[in-house]
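Novice: Supplied in structure tokens, the structure appears directly below.
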């Protein structure tokens, strides 16, 4: 599965760089991430209890950062495994300073999904991954803006995990004004989560 | 012999049990103390196994044992090559790489077993699967047939130089010369994708080793109980008579259940001996999609050379056949494809190259049709394209090339799946074609109805496609027929039954031979305790090979009956007749004796059985055909495409089939209906979608679409032609797979005809509305 | 097994009290705990209809219910219809029309059709096909099943 | 395919159910019809540690007329009850028309009104219909009830505004204005399958036979049911001619939705289907509003 696109972050490039390399931010911004530890500067390991509606599963994953050119670009390799299957992928991420205080992120990656996830989750894979990429990244952009605001106000940034419903609600609200045809940014961790979450869908019957 | 039952629409003997829930299926077997197995299967299509840690799983309450390949010791070995490669074809080769009981060093397809948990319930065993820790090193997988032959492609089998598992060139005449002479040469690439057999019953197995009696009983959803018994006995170091394999009622099979030894079939008998407790394994539907064999994937580069008046001078076909990760079933499927390309036509020259390719996907073995639909698709598509190019009516083009009724036996002069020259025994192809055209009112449709519909803006198309089916191959089947003291007759044969109505069709044959009521004939199939010799139910052979063996055995009993009755009744044999369960002197109805009474006399409690004779009214006989009988038929359909949505509706469906002598038209029609429904699935609904990494993307009934009642034509109208086969006394030919074979080519032709204004050429199967949309609106994508 | 719940359920008019794990599927309960093996299981994800039974008189997929949910309710399976020597008219019609091949999906069809025919004693062919659409059959291509339902409707109308 | 173990509670009142949900939080799932949840559990993709079975709560199963001419549907009302109910046929004919498209009778006999909404499958029919009908949802927590408009209810794939400690207890369908028309259409690979695309349409004409209001909602195109807002705006105040309908359908398919691709349908095929279905549904709905269909 190929994933590619771009997105504008509302903050300077260095801030975006710091944000996407900060496991604390990532784990709080993404509900279900139980831990995300920095093993080294290039490697993170984490457990995530992924939940999409009734669907849930415990995944452990590894994230490797390589080809780093701060704050311009890096390559991410992810490897996640859990009861429902596995996700494996590599992506190249590029951050472009747009000169107006925003940062353009371009991303391009290829993702392999296997196991039950792949074999019974196809009906919604595309939809869910897009939807969850959107939700996860909107939240990250918020965290970014909070950091920027906190800095200008000379206070500590508050990074608080929203509840899953708040998370979704906030995203949905933000979404209302957005042009529907635009594509959303991508960070590998988020995509792993998004896809893992997205892929776990099936159902034959109807109604809960 | 009177023909009271043969050819009649006899309702089935087995139905009351099935309809009331009293028929025994394997999962109905309950044995006290029985354990349940669950398999840990690979999520990866290709990966090296670094380690498997089962300790946590072993410690889970309710888990009795967890086994991996390591635990199997010397018992671990690759399965047998079920069908060897044909010999004597110049330039041909075949590399046997058969499936293994559990992956040891590496996994080669998603679903390959890596460990088995045996627990007190299936629920608990599945819980424990999550406790097993497998360390795998993922390898690049190869799923695409052409990619698999790239020099740098990853190797499915490390010990091979490439993924090319087999190469079989066959030639008849001189195609290149024919091509030189031709007015028209058509070249196309044709792609056919995979589908599933998807019997409603998944595979199920119960293995029970009784240490005290030293007997192994295995209930198995197999199409081949006797070979399974023989093989397992050898592997387990037991005498064949210590192993009993029972294939009770089977909930549909359609090919994959002939495969042996499936990994589970090897593991359960082994484990029951180790644990000394009965074990059941029920394949679930998700497993069925990744762990039961599949079929159909091929890519053909085909061409035909024709004269301008539409006579085929020659055909060339170079094709890749997807074998999946192993090739236990040899070349049966691709050889069938190679054979059926010549179909029912007189083709003077033919050159074909079969290349069997290993991929990191589930193993391919026959599925209802077994390579034939692909071969027929190739030739029928080439003919359709030629008809357009030459502006000759499709039906007329077929008529011009048909083998004629006086052409038989016709030798196609290549080697067939039974490794003999492919000889067609009999047939009347122009007759089935003409009848089908007549039934669907072809001329009227083309000349009157279709132009009117097109004028209304509707897209309604017609298709007519002819086909052959090689059936009833050897080596042999056997049967024992016994008249019991009750006057009822019991029949035992080795083939298994998966819904074909054997309990009735076989009973009809015996009832006619012995003059008894068809309901008084009790047939046992698929139990090795009842009959020792045989091969199995495959290749549309039950009604040919087994039925003729049964007929022969029943005749043997008839001879004994007449001999004894002649003595008892004091009348010459030629004056005796068998009817209503009695033997009577033809002119004197009072002078008679019941068969039961006669059976008692034949098995006396005192006195002596005459030297040179046997006790009882019983006979065992066998039948092995000289070569396979070839059935044929023509299908025709009218369908409408909604060009806005690309949804297709089949309006009419006509089948004219010729399977030789008909034993029971009711059952035959049922077989045809079922075959057609699978064919419709193969044409428009069913496709196993794999991604480039060998992951199956639609492994459930939600996404793998089997036709429902509302997807079938309103009625399948059936006409019969009867050209009895000269190869067996009953004159039968097989009919089990026929219904499925021509449907994809028929569907393609009718869709093209319906979409006449879209300049569409269908060179692939299956289609879908989405694919039709792409073909019509997004050309080139 | 821990966590057992005691349930009392009426199956084919007979009362059963059993201890079951909450996760036990109704289909497994019927087949393996009660031994009523006429109900078959084909997919366990609610598509094939093979496991159809009546729950308080209405057709349901028994693989999409838990046995605990049947506590205090009434379940009807194929075994409640006719027996071998005395088939229900619907079963008789299935035999007459050759609507059975391997017989695996058959119970599910019968149990879907019983309430259907009660509600629609004189169905059209189209209504019949719609009613059959929730059950998969791989053998028959459905045509003989459609014929059987028509025949059953006729015969049942004559009898009533 | 057997589900993982869970604890099971079968409360007979909503209060009791809410207490369990509050106690177990995200670990608990309410079990309504179970026709989506149980297959997910059978695949072990859902492994809730607690199930709170709502089926014994008989108080939640009802279809009642509302004094304003609309309807109140209890969350545990089965789809098959809705399908057969004459009051639904009269007051919410769009719902009545939709019901046979939902899976198969065996599923509808278990599936519930509330379960379908709360599960929020973007391919489900009734959520789209609820938007077309401007439904309202009564959500109950231990602190009391709150009403949520359908426009705010669905958040994404399987996501709604219902908190884990809350239950959807009632769906209110407002009355249909006079001179209204309705239509539900979907295209599925096979009868009863999830639709490749579906659409629910509700339109109202004014005294001059012009479109007073149109609601057109797609299912199976994104992560939630999607109202075609631009198309609706285009129709408002217009005479619903074939041309106007065609233009609205094209706008709906190209601008109002952003469909995804899967193994059954590409995004562009979905747009094509959306266009065709929108045209058909609007045509039929306007005809009904005029009383000619």
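The values are calculated or read from the model by the stated rules, or taken from the named source; none is laboratory data. Owing to the predicted nature of the structure, the values given are computational and were not obtained by experimental measurement. Here the Cβ positions follow ideal geometry from the backbone for every residue, glycine too, while neighbour counts run over all protein chains shown.
Novice: Condition check: away from chain D (no Cβ under 14 Å), crowded, with 20+ Cβ neighbours inside 10 Å and modelled with pLDDT of 85 or more. Does residue A:16 satisfy that?
Specialist: Considered against the rule, which asks whether it is away from chain D (no Cβ under 14 Å), crowded, with 20+ Cβ neighbours inside 10 Å and modelled with pLDDT of 85 or more, residue A:16 comes out as yes.
Novice: Let me ask something else about it. Considering only residues of segment D:51-64 that are part of a loop (DSSP other than H, G, I, E, B) and within 13 Å of chain A (Cβ to nearest Cβ), which is surrounded by the fewest Cβ atoms within 10 Å (Cβ to Cβ)?
Specialist: Ranking the candidates gives D:55 first.
Novice: Give D:273, D:219 a once-over and let me know the one that is in contact with a helix residue (DSSP H, G or I) (Cβ under 8 Å, 6 or more places away or on another chain), buried (at least 20 other Cβ atoms within 10 Å of the Cβ) and at negative phi.
Specialist: Among D:273, D:219, only D:219 is in contact with a helix residue (DSSP H, G or I) (Cβ under 8 Å, 6 or more places away or on another chain), buried (at least 20 other Cβ atoms within 10 Å of the Cβ) and at negative phi.
Novice: Something else about it: Using beta carbons and a limit of 9 Å, which pairs, at least six apart or on different chains, have the first residue in segment B:90-109 and at positive phi and the second one at pLDDT 95 or above?
Specialist: As it stands, the answer is B:91/B:167; B:91/B:168; B:91/B:169, since those pairs meet every condition given.
Novice: Right, next: Starting from residues that are outside any strand (DSSP E or B) and more than 13 Å from residue C:54 (Cβ to Cβ), keep the ones in segment C:71-89 and report whichever is farthest from the other protein chains (Cβ to nearest Cβ).
Specialist: C:89
Novice: Counting only residues that are in contact (Cβ under 8 Å) with a residue 60 or more places away in the chain and facing chain B (nearest Cβ under 9 Å), which one in segment C:91-107 is surrounded by the fewest Cβ atoms within 10 Å (Cβ to Cβ)?
Specialist: Of everything passing the filter in segment C:91-107, C:92 is surrounded by the fewest Cβ atoms within 10 Å (Cβ to Cβ).
Novice: What is the number of the single condition among (1) in a helix (DSSP H, G or I); (2) on the phi > 0 side of the Ramachandran plot that residue C:94 does not meet?
Specialist: All conditions pass for residue C:94, except number (2).
Novice: How about segment D:12-45: which of its residues are under 22 Å from residue C:70 (Cβ atoms), without any contact (Cβ under 8 Å) to a residue 12 or more places away in the chain and facing another protein chain (nearest Cβ under 10 Å)?
Specialist: Matches in segment D:12-45: D:39, D:40.
Novice: Considering only segment C:25-49, state which residues are part of a loop (DSSP other than H, G, I, E, B), touching a residue at least 40 places away in the same chain (Cβ under 8 Å) and buried (at least 24 other Cβ atoms within 10 Å of the Cβ).
Specialist: Residues satisfying the conditions are C:38, C:39, C:40, C:42, C:47, C:48, C:49.
Novice: Hey, another quick one. Can you tell me which of (1) touching a strand residue (DSSP E or B) at 6+ places or on another chain (Cβ under 9 Å); (2) within 13 Å of chain C (Cβ to nearest Cβ); (3) assigned to a helix (DSSP H, G or I) is the one residue B:649 doesn't meet?
Specialist: All conditions are met except number (3).
Novice: Can I ask one more? Search segment B:118-132 for residues being within 9 Å of another protein chain (Cβ to nearest Cβ) and surrounded by fewer than 19 Cβ atoms within 10 Å (Cβ to Cβ), and hand back the single one that is nearest to residue B:42 (Cα to Cα).
Specialist: B:130
Novice: Could you figure out which of (1) more than 30 Å from residue B:18 (Cα to Cα); (2) buried (at least 24 other Cβ atoms within 10 Å of the Cβ); (3) in contact with a helix residue (DSSP H, G or I) (Cβ under 6 Å, 6 or more places away or on another chain) isn't true of residue B:460?
Specialist: Result: residue B:460 fails condition (2) only.
Novice: Specify which of the listed residues (B:61, B:80, B:32) is at pLDDT below 95 and surrounded by fewer than 21 Cβ atoms within 10 Å (Cβ to Cβ).
Specialist: It is B:80.
Novice: Take the conditions assigned to a loop (DSSP other than H, G, I, E, B), within 14 Å of chain A (Cβ to nearest Cβ) and touching a residue at least 24 places away in the same chain (Cβ under 8 Å) and apply them to residue D:48. Does it pass?
Specialist: So residue D:48 fits the description; yes.
Novice: Which of the residues that make up segment B:474-489 are touching a strand residue (DSSP E or B) at 6+ places or on another chain (Cβ under 7 Å) and assigned to a loop (DSSP other than H, G, I, E, B)?
Specialist: B:476, B:484, B:487, B:488 - these are the residues of segment B:474-489 that are touching a strand residue (DSSP E or B) at 6+ places or on another chain (Cβ under 7 Å) and assigned to a loop (DSSP other than H, G, I, E, B).
Novice: Confirm whether residue D:78 is surrounded by fewer than 18 Cβ atoms within 10 Å (Cβ to Cβ) and either on the phi > 0 side of the Ramachandran plot or within 11 Å of chain C (Cβ to nearest Cβ) (or both).
Specialist: No: the conditions fail for residue D:78.
Novice: Just wondering, is there one or more residues in segment B:686-706 that are surrounded by fewer than 22 Cβ atoms within 10 Å (Cβ to Cβ) and more than 14 Å from chain A (Cβ to nearest Cβ)?
Specialist: No; the residues of segment B:686-706 include none that is surrounded by fewer than 22 Cβ atoms within 10 Å (Cβ to Cβ) and more than 14 Å from chain A (Cβ to nearest Cβ).
Novice: Related question: What residue, of B:299, B:279, is closer than 30 Å to residue B:213 by Cα and touching a strand residue (DSSP E or B) at 6+ places or on another chain (Cβ under 7 Å)?
Specialist: The unique qualifying residue is B:279.
Novice: Give me a count of the residues in segment B:194-205 that are part of a strand (DSSP E or B) and either within 19 Å of the chain's Cα centre (by Cα) or surrounded by fewer than 24 Cβ atoms within 10 Å (Cβ to Cβ) (or both).
Specialist: The qualifying residues number 2.
Novice: Another one. Given the conditions (1) within 18 Å of the chain's Cα centre (by Cα); (2) surrounded by fewer than 17 Cβ atoms within 10 Å (Cβ to Cβ); (3) not assigned by TED's automatic domain parsing to the domain that holds residue D:115, which single one is not true for residue D:22?
Specialist: (1)
Novice: Only one residue in D:88, D:129, D:95, D:148 is in a strand (DSSP E or B) and either buried (at least 21 other Cβ atoms within 10 Å of the Cβ) or more than 9 Å from chain A (Cβ to nearest Cβ) (or both). Which one?
Specialist: None of the other options fit; the residue is D:148.
Novice: Could I ask something else about it? Given (1) farther than 22 Å from residue B:251 by Cα; (2) surrounded by fewer than 24 Cβ atoms within 10 Å (Cβ to Cβ); (3) within 13 Å of chain C (Cβ to nearest Cβ), identify the lone condition not met by residue B:642.
Specialist: (3)
Novice: Run residue D:245 past the list (1) surrounded by fewer than 20 Cβ atoms within 10 Å (Cβ to Cβ); (2) out of contact with any strand residue (DSSP E or B) (no Cβ under 8 Å at 6 or more places or on another chain) and report the number of the one that doesn't hold.
Specialist: Checking residue D:245 against (1) surrounded by fewer than 20 Cβ atoms within 10 Å (Cβ to Cβ); (2) out of contact with any strand residue (DSSP E or B) (no Cβ under 8 Å at 6 or more places or on another chain), the one that fails is (1).
Novice: Going through segment C:12-24 one residue at a time, which ones are crowded, with 22+ Cβ neighbours inside 10 Å and not in a loop (DSSP other than H, G, I, E, B)?
Specialist: Result: C:20, single match.
Results for (1) assigned by TED's automatic domain parsing to the domain that holds residue B:616; (2) in a helix (DSSP H, G or I); (3) over 19 Å from residue B:625 (Cα atoms), shown as yes or no for each residue.
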| position | (1), (2), (3) |
| --- | --- |
| B:491 | yes, no, yes |
| B:499 | yes, no, yes |
| B:507 | yes, yes, yes |
| B:513 | yes, yes, yes |
| B:532 | yes, no, yes |
| B:537 | yes, no, no |
| B:547 | yes, yes, no |
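Novice: Return the pairs, sorted by first residue and then second, in which the second residue is part of a helix (DSSP H, G or I) and modelled with pLDDT of 95 or more, the first residue lies in segment D:110-124 and is at the interface with chain A (Cβ under 7 Å from one of its Cβ atoms) and within 11 Å of residue D:78 (Cβ to Cβ), the beta carbons are less than 6 Å apart, and the residues are 6+ apart or on different chains.
Specialist: Every condition considered, the pairs that remain are D:111/D:79; D:116/D:126.
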